[in-house]
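What follows is one structure encoded as structure tokens, with my remarks underneath.
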Amino acid sequence: MENLFLLLILFSFSPPFVAKAQNSGTLHGQVLDPTGALVSGASVTLTQENKIVTSHSGQDGTYLFRALPAGKYSVSVQAPGFVLPSKVVTSIDSGQSRQLNLILTIAVEQQNVQVTDQTSGVSVNPDENSNALVIKGSDLDALSDDPDQLQNELQALAGPAAGPNGGQIYIDGFSGGQLPPKSSIREIRVNQNPFSAEFDRIGYGRIEILTKPGSDKFSGHVTSLATDSALNTGNPLVTQQPAYYLYFLQGDVNGPLTKQSSYFLSIFNLQRQNQSIIDATNPANVATILQQALPNPSSLISINPRVDVQVGESNTLSIRDSFTRSVQTGNGVGALSLAQQANNATNLENAIQLSDTVVVNSHIINETHFQWRRVRNDQVPSFINPTITVQGAFINGGSNSGTVKDHQDIFELQNYSTATVSKHTIRFGTRLRAYRDANESTSGANGNYIFQSVSEYRANTPTQYQANVINNPLARALLFDAALFYQDDWRVKPNLTFSYGLRYEGQNRIHNRADIGPRLALAWAPRYQANKPAKTVLRAGYGWFYDRFTVPNSFSSATGTPYIIQTIHQNGVNQQGYIVNSPDFYTPAAPVSSTTLSAAGSSTPTISTIDPHFHAALSMQGGLGVDRQIGKRNTVNVTYLYTRGVHQYRSNTVTAPTFDVANYTLTGPTPSVYNNQFQSGGIFNENQIIASSNISIRKLSLHSSYTYTEAKSDTSGVTFFPSIAQNPGLDYGRAGFGIHHRFFLLATYNAPHGIVIAPLLSAQSGTPYNITIGNDLTGNNQFNARPTYGTCGAAGVVSTHYGCFDTDPSGKDESLIPFNDGTGPANVVFHMRVSKVIGIGPHIKGAASGAMGPQGGNGSVNGRGLSGSQAQPKLDATVPRRYSLTFIAGALNIFNIVNRGTTNGVLSSPLFGTSQTLASGPYGSPTPGNRSIFMQALFSF
């Protein structure tokens, strides 16, 4: 932080010859005739209020404007025999290089057509697929200001990505990191250009967040949000719930530093008093259920400064810092985890980003981006006595995760170039990433007694005891991955774009270090007429996408620990793991000594390794879709996607004894060591149909999407263990991510008296879940054996909604039940935000009613989003005064629908078939209540 403030001081005294004002960008493109041929010598004019600038197209039809002040521009073209459709408008953001190809029509066929840089119709441009979304400006206000809730809403908005890993969030082009405060966000792009070789992960489900630069005028906002348990409904899992609250205070300012530079600074502080809800079998009286609410307070502070500098006419430099600190008390408690499982966590992250954009000439733009993320995570358990796990009933005793200190440094360098050659727009570049991790952990040192059933717990006869003997708690690793890509978007004809690309990726620490990912896409507008915009666009695409084996594929408040760290910890030297089956000891008050553990007659060491034939996970996706414009500002899209995954990640106990699935009996001896190995032999097959619409009708605009998914897989991710080690294919069945039906709707409505209403609806059918016996009949040491179909009423047979299942199938000729045979509860939520703006302070001279106030911006989710380019509803209804005060009231889960979480699938549990949690993600709540009502005030200056 000290270095950043020093840079601020230096920039404030930068000499005047550095260049023009920072808040500028560039506009370039080609001038084309109706057939797509190049037009040279055309005069291109940009008009912004009283400012007029002109350029001419070269022999290859290209034109270029440098150092344009940020804002909206009207575009006109003069060329003999041709005209540009009237009222062409484009926007230039600070530091942005925008490409806009201008297609002329024959002069005698001139028509009046509204055109913007993001049209409300359909287009054959590769990044204007109609099932994508671009949310910016005032439309961002329809989303939550709470970072956790905002992330949930974005994931619901993006829809389900193919495969077990879901979508990914990028911030200013970088994956991972902390979600910035909404006030720092300039634009959000969802599912855009899904088959481009520029991106490593599958495009459907991708979320790109671009942060705000500074401006040439001083302005800012101060906002506060609060909710309290007195306003909300209680958690339905408990009868008595202590008070809780959530509030935050956020402020941002931006403006010029010098004639060559500007700044943006945002500070966000959030305080929560949450409750962790326990719903488990009571260990003091196993015939009863323990329902309890325990405090889980947390705090978050986020500081996001940014400086942008124009260095010469063709060079823009941006420097951004993101500092976050979160503190959480009482983590690890909830559902089956009782109070003694609590731990306290502190997470610090500082991410410094440098971006440099250079306009090399009228054909080439080069971008260089660098990021250094410094992450420090500390976790301390509240109790260190042994863990007591009763399968499907409760987890008591101390936390088995132990004390953890994790220090990471993540470096990423990108260099991308964009070139225009004739009818080709070419993008190519490289990305280099390095992860340096030092992880100190005592996980498992306190031991874990595992009971298969409540009756075993009552008899004090654990099935197994697990513990780690820590010789060296520290593990270090340096991971590296790199990528090269080439992408060509070839405008074959005005109504036909063919895109092709190739991506080359590689990483260390795995056997197969290099991978090639081809990408193809086609967009064709049939029945094209040169003087009319397209009404229908057919799209097709195919690509290979890889998931790197580096860190967990998730976007959370803290960076995940690389999987390789686990293999270093559990290599049999740094830490020696032991498993004791049917131990003749049970001392829940204190851990077992290492001497006793190693001397136990039935003690078996455990290690963790990586398969010597390990391969990066590959998803091969193909799609067909159609975009259709209906009316002036309404579009619909239907897309079919088929995705096949190979080399998918899982774990497996490769030294497990041989198991005879026909008789459900072990045929081999207990191994001399349990080798838990990371493997890449999983597969999945997934079919998806996505239907989306973007409708704007007078004062109402909405985006809706429906997704049908049918998916089967034999793995659920890198930490998934097959139920039978020698035959992972027996787990091929319904995929956990294969939720059949999902629906999402986001709308805004301009009500009378300047009130704006923004509802959000999200719904999904039940999530598949696996049904297990709760013991280790298959010998893989994972307690994930599935039952067989048994005779109803027989001993050991449990009657369920899905049939009669035998909990003791050993030696019987019975059929194994399918994987993920159960289906959890459906979820639906309906959120509502209502706002009203009041103008305060002096009138803005010359402003008519409805003129843009200090909040500014004319962004809309158009074309690929909520509304067209005209008359879009805005949550920040504008007023012709110097300042404005916005009042917002909202409700999450306004109809108080009880959305249940994961279903308990352990047959031996007294809680089988029920849910001990409320739903999480888009169907959860940032508070432990069921319906949350919040109040918010925003002052703009």
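The values are calculated or read from the model by the stated rules, or taken from the named source; none is laboratory data. All values derive from a computational prediction rather than experimental measurement. Every residue, glycine among them, receives a Cβ derived from its backbone with ideal geometry; neighbour counts consider all protein chains shown.
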Would you be able to say whether some residue in the stretch 376-385 is among the charged types (D, E, K, R) and within 30 Å of ASN343 (Cβ to Cβ)?
yes
Going through GLU440, GLU456 one at a time, which residue ends up being of a type in the set (D, E, K, R), surrounded by fewer than 21 Cβ atoms within 10 Å (Cβ to Cβ) and over 31 Å from the mean Cα position of the chain (by Cα)?
GLU456
Which count do you get for residues in the stretch 295-310 that are in contact (Cβ under 8 Å) with a residue 40 or more places away in the chain and surrounded by fewer than 17 Cβ atoms within 10 Å (Cβ to Cβ)?
1
Output the number of the condition that SER619 fails; it satisfies all remaining conditions of (1) closer than 30 Å to SER582 by Cα; (2) buried (at least 22 other Cβ atoms within 10 Å of the Cβ); (3) touching a Phe, Trp or Tyr at 6+ places or on another chain (Cβ under 6 Å).
(1)
Out of the residues in the stretch 825-855 meeting the condition of being surrounded by fewer than 17 Cβ atoms within 10 Å (Cβ to Cβ) and in contact with a helix residue (DSSP H, G or I) (Cβ under 8 Å, 6 or more places away or on another chain), tell me which one is modelled with the highest pLDDT.
VAL828
Restricting to the stretch 217-251, and then to whatever is under 28 Å from ASN304 (Cα atoms) and of a type in the set (Val, Ile, Thr), can you tell me which residue is surrounded by the most Cβ atoms within 10 Å (Cβ to Cβ)?
THR227
Residue count for the stretch 287-313, restricted to those that are in contact with a Lys or Arg (Cβ under 6 Å, 6 or more places away or on another chain) and of a type outside the set (Asp, Glu):
4
Tell me which residues, restricted to the stretch 398-413, are under 18 Å from GLU367 (Cβ atoms) and surrounded by fewer than 19 Cβ atoms within 10 Å (Cβ to Cβ).
PHE411, LEU413
Considering only the stretch 759-786, state which residues are farther than 22 Å from THR823 by Cα and over 30 Å from the mean Cα position of the chain (by Cα).
ASP776, LEU777, THR778, GLY779, ASN780, ASN781
Tally, over the stretch 204-216, of residues that are surrounded by fewer than 24 Cβ atoms within 10 Å (Cβ to Cβ) and assigned to a loop (DSSP other than H, G, I, E, B):
4
Condition check for ALA590: over 20 Å from GLY517 (Cα atoms), surrounded by fewer than 14 Cβ atoms within 10 Å (Cβ to Cβ) and either small (Gly, Ala, Ser) or without any contact (Cβ under 8 Å) to a residue 12 or more places away in the chain (or both):
yes
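Yes or no, residue by residue, for (1) over 29 Å from PHE939 (Cα atoms); (2) assigned to a helix (DSSP H, G or I); (3) not aromatic (Phe, Trp, Tyr):
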| site | (1), (2), (3) |
| --- | --- |
| LEU140 | no, yes, yes |
| PRO194 | yes, no, yes |
| ASP200 | yes, no, yes |
| HIS221 | no, no, yes |
| LEU231 | no, no, yes |
| PRO236 | yes, no, yes |
| THR239 | yes, no, yes |
Please verify whether ILE933 is in contact with a Leu (Cβ under 8 Å, 6 or more places away or on another chain), closer than 26 Å to HIS753 by Cβ and surrounded by fewer than 21 Cβ atoms within 10 Å (Cβ to Cβ), treating the condition exactly as stated.
yes
With the stretch 708-801 as the region, which strands (runs of 3 or more DSSP E) entirely inside it contain at least 2 residues that are surrounded by 22 or more Cβ atoms within 10 Å (Cβ to Cβ)?
741-750, 755-764
Of the residues in the stretch 170-211 that are among the acidic types (Asp, Glu) and over 17 Å from GLN151 (Cβ atoms), the one that is modelled with the highest pLDDT is GLU198
Mind counting the residues in the stretch 627-655 that are buried (at least 17 other Cβ atoms within 10 Å of the Cβ) and closer than 29 Å to ASP200 by Cα?
16
Neighbours by Cβ (under 9 Å, 6+ apart or cross-chain): first from the stretch 519-534, over 21 Å from PHE195 (Cα atoms); second assigned to a loop (DSSP other than H, G, I, E, B) and among the charged types (D, E, K, R):
ARG527/LYS535; ALA530/ASP33; ALA534/ARG527
For HIS613: the one exception among (1) in a loop (DSSP other than H, G, I, E, B); (2) more than 30 Å from ARG519 (Cα to Cα):
(2)
Is there a residue in the stretch 446-453 that is among the small types (Gly, Ala, Ser), more than 30 Å from LEU496 (Cα to Cα), in contact (Cβ under 8 Å) with a residue 40 or more places away in the chain and touching a Gly at 6+ places or on another chain (Cβ under 6 Å)?
no
Sort through THR430, THR387, THR418, THR425 and tell me the only one that's over 28 Å from ASN282 (Cα atoms), in the same structural domain as GLN371 (by TED's automatic domain parsing) and at pLDDT 95 or above.
THR430
